[in-house]
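Contents: one structure, followed by commentary.
Just so you know, all these numbers are worked out from the coordinates, no wet-lab data involved. All figures in this text were calculated on a predicted structure; none of them were measured in a lab. Cβ: placed from backbone, ideal geometry, glycine included. Neighbour counts: every protein chain shown.
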Amino acid sequence: MGFYQKVYDSVMKIPAGKVASYSQIAMLCGNPRAARAVGYALHKNPLPGVIPCHRVVNQFGRLAPAFAFGGEERQRCLLINEGVVFTKDGFVDMERCRWNETHKT
């Protein structure tokens, strides 16, 4: 299985109301140094709306400034609608909303 497919399979496992970081997905895919490649794979998401790429944020909970499927505000709305909590500074509350998957795909 190729790296992009591993990314998509991992992201599909993130439940509504939870988020993962790019580096977390890279680790799950067996390549912990490939966080940027995860971002690129999600930018090329072949099934927007099916593969929930909006649930992936940076390690501090910052949204993607260039979210490929509607921009940062679209990503924020999708996450809020799923119950993701944001801090006063506008970042995802990673303490409360980080997905705790630890198994490799």
Legend entry - Length gained when the stretch ARG36-PHE3 is fully extended (0.36 nm per residue, less Cα-Cα span): 10.7 nm
Inset, instruction - Mind jotting down a quarter of the surface of the convex hull over the alpha carbons of region 58-105, in square nanometres, one decimal? - result: 4.1 nm²
Inset, instruction - Only loop residues by DSSP count here, and only those with at most 13 other Cβ atoms within 10 Å; note down the trypsin sites (Lys or Arg not before Pro) in region 19-105 that meet that. - result: ARG33, LYS44, LYS88, LYS104
Inset, instruction - Rank VAL50, VAL92, VAL38 by mean-square fluctuation in a GNM of the chain with C-alpha springs under 10 angstrom and give only the top-ranked residue. - result: VAL50
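Based on DSSP H runs of at least 4 residues, each adding -39500 (n - 2.57), what is the mean residue ellipticity at 222 nm of the chain after dividing by all its residues, to the nearest 500 deg cm²/dmol?
Result for the chain: -10500 deg cm²/dmol, rounded to the nearest 500.
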Legend entry - Candidates ILE25, ILE80, ILE14: whichever shows maximal mean-square fluctuation once the chain is modelled as a Gaussian network with Cα springs under 10 Å: ILE80
Legend entry - Cross-link partners of LYS44 among aspartates and glutamates (Cα-Cα below 20 Å; sequence separation of 8 or more within a chain): ASP9, GLU72, GLU73
Inset, instruction - Give, to the nearest whole percent, the P(r) tail of the chain beyond 21 angstrom, counting all Cα pairs. - result: 24 percent
Legend entry - Enclosed volume per residue, in Å³, of the convex hull spanned by Cα atoms of region 37-78: 65 Å³
